[in-house]
Amino acid sequence: MRQTARTLTIATKGRGLVEITDAVAGFVGEAGIATGLLTLFCRHTSASLLIQENADPDVRADLEAWFERAAPESDPRYTHTTEGPDDMPSHIRAALTQSSLSIPVTGGELALGTWQGVYLFEHRRAPHRREVVCHLIGE
């Protein structure tokens, strides 16, 4: 059994989904592990990870619009407002999604479905540099 880890740094342009499938697949390919389990972990409380359809961009647009309605900015009921009007909604959006993912690796590749991609979901308006820790274990 072998294991390896790497931290990917993802530059975001502000709120929205950033596909990171190629970067994650590159890590897996370089690792030389044919069968195993990949764990991804987002090291932030205002960004998250998703596996989602990567064929039709309307899916991403609809998801982003739904989160805008579910956790709007400047809600007068928020008490955590010191970091700006997008901060508390960002924490809510992160709480509704995932900070980590597990993806099987088979044949040295991610065992994703045909239309699945891996995304970092930036919940803040401003651009950020986000870190995603990748840990792969297998043989």
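Computed from the coordinates by the stated procedures, all read-outs in this text should not be read as laboratory data. The structure displayed is predicted, hence computed values, not measured ones. Glycine gets a Cβ as well: all are built from the backbone with ideal geometry, and neighbour counts include every protein chain shown.
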Open item on the list: Could you tell me how many of the residues in the stretch 70-98 are within 27 Å of Gly138 (Cα to Cα) and out of contact with any Ser or Thr (no Cβ under 6 Å at 6 or more places or on another chain)?
Closed with: 0
TODO: Just name the residue that is farthest from Thr9 (Cα to Cα) out of those in the stretch 91-116 that are within 10 Å of the chain's Cα centre (by Cα) and of a type outside the set (A, V, I, L, M, F, W, C).
DONE: Thr97
- [ ] Test Leu101 against the stated conditions and say whether it is in a loop (DSSP other than H, G, I, E, B), touching a residue at least 24 places away in the same chain (Cβ under 8 Å) and closer than 30 Å to Glu139 by Cα.
- [x] no
TODO: Looking at (1) in contact with a Gly (Cβ under 7 Å, 6 or more places away or on another chain); (2) exposed (fewer than 12 other Cβ atoms within 10 Å of the Cβ), find the lone condition where Asp62 falls short.
DONE: (1)
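Per-residue answers, yes or no, for (1) touching a residue at least 12 places away in the same chain (Cβ under 8 Å); (2) within 16 Å of Val133 (Cβ to Cβ); (3) of a type in the set (D, E, K, R); (4) touching a Lys or Arg at 6+ places or on another chain (Cβ under 7 Å):
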| position | (1), (2), (3), (4) |
| --- | --- |
| Arg2 | yes, no, yes, no |
| Arg6 | yes, yes, yes, no |
| Ala11 | yes, no, no, yes |
| Gly16 | yes, no, no, no |
| Ala23 | yes, yes, no, no |
| Phe27 | yes, yes, no, yes |
| Glu30 | no, yes, yes, no |
| Leu40 | yes, yes, no, no |
| Leu49 | yes, yes, no, no |
Open item on the list: Being more than 18 Å from the chain's Cα centre (by Cα), closer than 24 Å to Gly32 by Cα and surrounded by fewer than 20 Cβ atoms within 10 Å (Cβ to Cβ) is the requirement here; does Gly84 meet it?
Closed with: no
Task: helices (runs of 4 or more DSSP H) completely within the stretch 10-96 that count 3 or more residues being in contact with a strand residue (DSSP E or B) (Cβ under 9 Å, 6 or more places away or on another chain) and within 15 Å of Gly117 (Cβ to Cβ) - done: 21-31, 57-70
TODO: Working only within the stretch 27-40, note down all residues that are more than 26 Å from Asp58 (Cα to Cα) and either of a type in the set (A, V, I, L, M) or surrounded by fewer than 16 Cβ atoms within 10 Å (Cβ to Cβ) (or both).
DONE: Val28, Gly29, Glu30, Ala31, Gly32, Ile33, Ala34, Thr35, Leu37, Leu38, Thr39
Open item on the list: Let me confirm something: among Asp56, Asp22, which residue is exposed (fewer than 13 other Cβ atoms within 10 Å of the Cβ), over 20 Å from Glu109 (Cβ atoms) and not aromatic (Phe, Trp, Tyr)?
Closed with: Asp56
